[in-house]
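> A single structure is presented below for examination.
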Amino acid sequence: RTSFFHFSSIQNLTLLHQTTFLTLQSSQGTEKAEDVMSFIQLTAAQKQSYGEEQIYIQKRVMAEIGNAPLTYTMLHAKGMLNFLLDPGRKDVLSFMGLGKQIGSEWEGGENVEIWKSFRGLSLGSMLPLLLILIGNLLRIIGIGLFFRTPKVTNSLKWLMIGIPLYIAMLTGVLGNARFALAVFPILTLCAIIGWSSVYAKWRNAFRLGEK
């Protein structure tokens, strides 16, 4: 009916307004990024059908991203890191009505350095985010310890970690706590197993020391 096959109605919108914009903004500056966005949208609006419009947008944004592969790769990696570390900045601060305190660059809510989300916040407002961030850091360490646990087979380790990593790679530039929520139980379980193995070693070493 639309003459264009897509698995999500916002697929190209996300590619255009977030992924491509962030890539251009990082590589050429905000003004240039806004100019390119405007040109793409104006040109797309002149197409004869919805299908032609979407095909044009898709080809053009992929070309723009392809012109800055290093910039995009760095943004993608940062998004994956945000996927694991993000303490839910956008949702927590919006819930507290504090989103606008940290500046317009956060308004998009995507691929912004975590430390920037704390600027302009009082200690009381910052504390919940800091506690969650510390918890996320401990969880990442626990996942690393999980890989060293001899009681879990390597195939099971990679299966349990592979699913979250796959989702993190798919979210890429846009990675944040919302997407990680779907795999929160898996990540937390891996971290618990990892830290439990360390605790067991410490406990056994302490008992041997007493003897």
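Any read-out appearing in this document is the output of simple, stated calculations on the displayed coordinates, not a laboratory observation. Worth saying up front: this structure is predicted, and the values here are computed from it rather than measured. We place every Cβ from the backbone using ideal geometry, glycine too, and count neighbours over all the protein chains shown.
> Just grab the label-to-label distance for Trp158 and Leu138, each label 7 Å out from Cα along the Cβ direction, in nm (one decimal).
Distance between the two pseudo-spin positions: 3.1 nm.
> Could the peptides 57-70, 37-50, 10-23 be put in order, highest first, of the mean number of other beta-carbon atoms found within 10 Å of their residues?
10-23, 57-70, 37-50
> Can you pull the one-decimal nm distance between simple spin-label points at Ile10 and Ser38, each 7 Å off the Cα toward Cβ?
2.6
> Tell me, what is the FRET efficiency for Leu165 and Ala45 to the nearest 0.05, using R0 = 45 angstrom and their Cβ-Cβ distance as r?
The formula returns an efficiency of 0.70 here.
> I'd like the trypsin sites (Lys or Arg not before Pro) in the range 124-169 restricted to DSSP loop residues with at most 15 other Cβ atoms within 10 Å, sorted by number.
Answer in residue order: Arg148, Lys151.
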